Amino acid sequence: MNIIISYLETMFSAYPQTPRLLEAKAELHGMMEDAYANLVAQGHSENEAVGQVIRDFGNLAEVAPELGITAELGAAAAPAAPATQTAPLAPEAPPRPQAPQHPPVTLDEARGYAEAQQRIRYRVAIAVALFVLSPAALIFLPAAATAGAVTLSAGTATMIGIFTLLVIVACGVMTLMSTARELAPYGRIEQGRFTPVAAVTQWAEELAQTHEPARIRALQISVPLWILSPAPLLAFAFLDDTVAQKQLWVLLGVVLILGIVAAGLLVLLPTAWAESVRHRLAHGQSRAAGSGPNADGSGEDEHSVVGVIAAFYWPLLTAIYLGWSFIGNAWGQSWMIWPVGAVLFGAIAAGGGAWESYRKNRRTP
C-alpha cells in the first residue's frame, strides 16, 4: 500500500492543494484501497494487485470526470492572466536550458527490466571472469617453455598464449552480446531516458532490500578472496631455486591471482543485479541529462571513501617500490609490488563501495 500512496501523491503533486482537490485525492485513495483489497481477495499477489490498481486509476485525467474535478484540473493547467504592468520590467535573464522531459517508467517496464537483469546475471559474471583470465596462458606458457616445463619453443608458446587470449576474449564478447539482446527492449532505462516515478522507485528499493542479504554474503566471500589472492605469489617469490624456475613459479603466482580474482567476481556479480536495478530506476532523467554524480541530491560523491584512500595509496606504493628497489637493489623482485598493490586496491575499492552503498541505504527513509 505504500507504493499506492506514493503514486497518489505524485499524481496530485502538480496541482494546487485546494480543499476540493484534497477531497478528491482522499476519495481516489479510498477507491484504490478498495480495488487493491478486492484483487488480493481474488488471489492476486500484492505486486500484481498494485500494478493493476495503478493501471486502472493511474491517469488522473481519465478519472477526473468520475471525481468531478475536471474543471479544477483545467483551471490549474490554464496560464494565469498577465498582471497590469505598473513599472518597467528588469531585463529578463536568459532562460536556463532544460533537460528534455522523457516519459515516466511504468511498473510493468521496471518489472520486465528487473527480470531481464536477473536472467543475464550469470552470463555477465562469466564474461567478466573470462576477461580477467584471458592473459593467463600468455603469461605462463612462454616462461614454462623457457624453463623446460613444457616441450614447446618460446615462440610457439607465445603464439599459443596469444591465440588463447583472443579466443577467451571472443567468448566473453559473445556472452556479453547475448545479454545485450535481452536488454534491448529496455534501452531507454539503460540510457536513463525516463522520468523517475515515486511508486517505481519505491518498488526498486524494496526489491534491492529483499536481495541485499545475498549480496552482503557474496561480499563477505569475495573480498577476503581478493585480499588473500597475492599469497601464492608472495610464497613463490621467496622460493630458493634457479632463475628460470623461480621466474616460472612467480608467473604461476600471477596466474593464480587472476584465477582467485575471477572466482571472487563469479561469486559477487550474480548477486548485484537487484542493486543495479535500484540504482538505474532511481536516477533516470537526471543521469541522462548529464547532471553528474550528485544529481539525486545526495550532495556527496558515491565513491568518496575510495577517492580519499586512492589519494595517498598510490603515492605510498610508489615510495615503497622505489625504496625497496634502490636500497635493497631488488629490481628483479620489487616489480611484484604492482600486481599485489593493484589486487589489494581492488579489494579496498569493493569494500569502500559496499560501505558507501550500505551507508546511503541506511539514510534512505
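Just so you know, all these numbers are worked out from the coordinates, no wet-lab data involved. No experiment lies behind these values; they were computed from the predicted model shown. Heads up, the Cβs are rebuilt from the backbone with ideal geometry, glycines too, and the neighbour counts pull from every protein chain shown.
Computed from the Cβ-Cβ distance with R0 of 45 Å, the FRET efficiency linking S153 to A231 stands at 0.90.
Computed from the alpha carbon atoms alone, the convex hull of the stretch 107-289 holds 125 Å³ per residue. Each peptide in 197-206, 148-157 was scored by the mean count of other Cβ atoms within 10 Å over its residues; highest first, the order is 197-206, 148-157.
One equal scatterer on each Cα of the stretch 197-269, no solvent, Debye formula: the resulting log10 I(q)/I(0) at q = 0.13, 0.26 Å⁻¹ is -0.54, -1.02.
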